[in-house]
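Read-outs: derived from the displayed coordinates by stated rules, not from any lab. Predicted, not measured: the structure shown is a model, and the values here were computed from it. Every residue, glycine among them, receives a Cβ derived from its backbone with ideal geometry; neighbour counts consider all protein chains shown.
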Amino acid sequence: MYSYIKGKITDKESDRLIVDNNGIGYEILVSNNMLALLNAGDDALVYTYFHVKQDGVAILGFQSKEEKTMFLRLITVSGIGPKGALAILNEINPYDLAYAIARNDSARLSSVKGIGKKTAARIILELKEKIELSEGLEAVSKDNIKEEMSRDVDDAAVALQALGFSKNDSVKAAAKAAESVSGAENIIKTALKIIRR
């Protein structure tokens, strides 16, 4: 319903922001990461998700398109609703979450409060099924990009796809980033800058 809301923050509580847009104050539930970045009086652009529930409605907010994309992916996992997805993003940022999924790191996911080993395994299984790296590699090979990619580059490309970028763009950006940095986390950060150019 609302893609984003842009305005001035008039109040900040433990789990939400009040954003004034043309005289209307929107109460938006946000992650701890976003709360830490913003204060009353700041101008903000908040990416939003409109959640309708039995006892009312709520607007959930995200600091970036990637955080919103990861939230939308999480709520497709059986047993995880909007509240649970936001709780996960309270403790792990979308980049680290994508990296954990790419590396099958269920221990990292189960370290999040309220996420047990079974739920962590289900998140990895259900989200990795949506990311078919082989198709991206096949497309990239047509552009004569090196086919033999390191595990870190593969993992970075999968993580980028988990954040909502196309398979082709993810693999190309990861390969390009690996020319100047090493390690999956560094490749992800550099590739994000490349993709956003």
Value of Rg/Rh across segment 68-128 [Cα atoms, Kirkwood radius]: 0.89
Percentage relative contact order, segment 1-40, counting C-alpha pairs under 8 Å, at least six apart: 35
Relative packing of peptides 93-100, 181-188 - highest average C-beta neighbours within 10 Å first: 93-100, 181-188
Under-5 Å amide H pairs with Arg16, H placed in peptide plane, nonlocal only: Val30
3J(HN,Hα) from dihedral phi, segment 102-119, Karplus parametrisation 6.51/-1.76/1.60, rounded to Hz, x for glycine, proline: 4, 9, 6, 8, 5, 5, 5, 5, 6, 6, 6, 4, x, 10, x, 4, 5, 5
Antiparallel %, DSSP beta bridges [both residues in the chain], to 5: 90
The chain - charge dipole about Cα centre, Lys and Arg +1 at Cβ, Asp and Glu -1, debye rounded to 20: 140
Potential lengthening between Asn39 and Lys12 on full extension [0.36 nm per residue; Cα-Cα distance subtracted]: 9.1 nm
Karplus (6.51, -1.76, 1.60) ³J(HN,Hα), θ = phi - 60°, over segment 152-159, in Hz, Gly and Pro reported as x: 4, 5, 4, 5, 4, 5, 5, 4
Spherically averaged projected area in nm², based on the convex hull that wraps the Cα atoms of segment 4-62: 3.8
Distance violations [Cα-Cα > 28 Å] among Lys128/Lys172; Lys6/Lys128; Lys83/Lys172; Lys68/Lys193; Lys8/Lys172; Lys128/Lys193: Lys6/Lys128; Lys83/Lys172; Lys8/Lys172
Amide N proximity, segment 151-174 versus Lys65 label position 7 Å along Cα-to-Cβ, cut-off under 11 Å: 164-166
Ranked packing of 9-18, 156-165, most packed first, by mean Cβ within 10 Å: 156-165, 9-18
Using θ = phi - 60° and Karplus 6.51 cos²θ - 1.76 cosθ + 1.60, couplings along segment 30-40 (whole Hz; Gly, Pro as x): 9, 6, 4, 4, 6, 4, 5, 8, 10, 9, 4
Inter-site label distance for Gln54 and Lys189 at 7 Å from Cα along Cβ, in nm: 4.5
Ascending count of other beta-carbon atoms within 10 Å, so fewest first, for Val77, Val30: Val77, Val30
Check: segment 68-128 dipole with +1 on Lys, Arg Cβ and -1 on Asp, Glu Cβ, in debye: 120
Cα pair distances exceeding 21 angstrom across the chain, given as percent: 54
Mean separation of Cα contacts under 8 Å (6+ apart) over length of the chain, as relative contact order %: 14
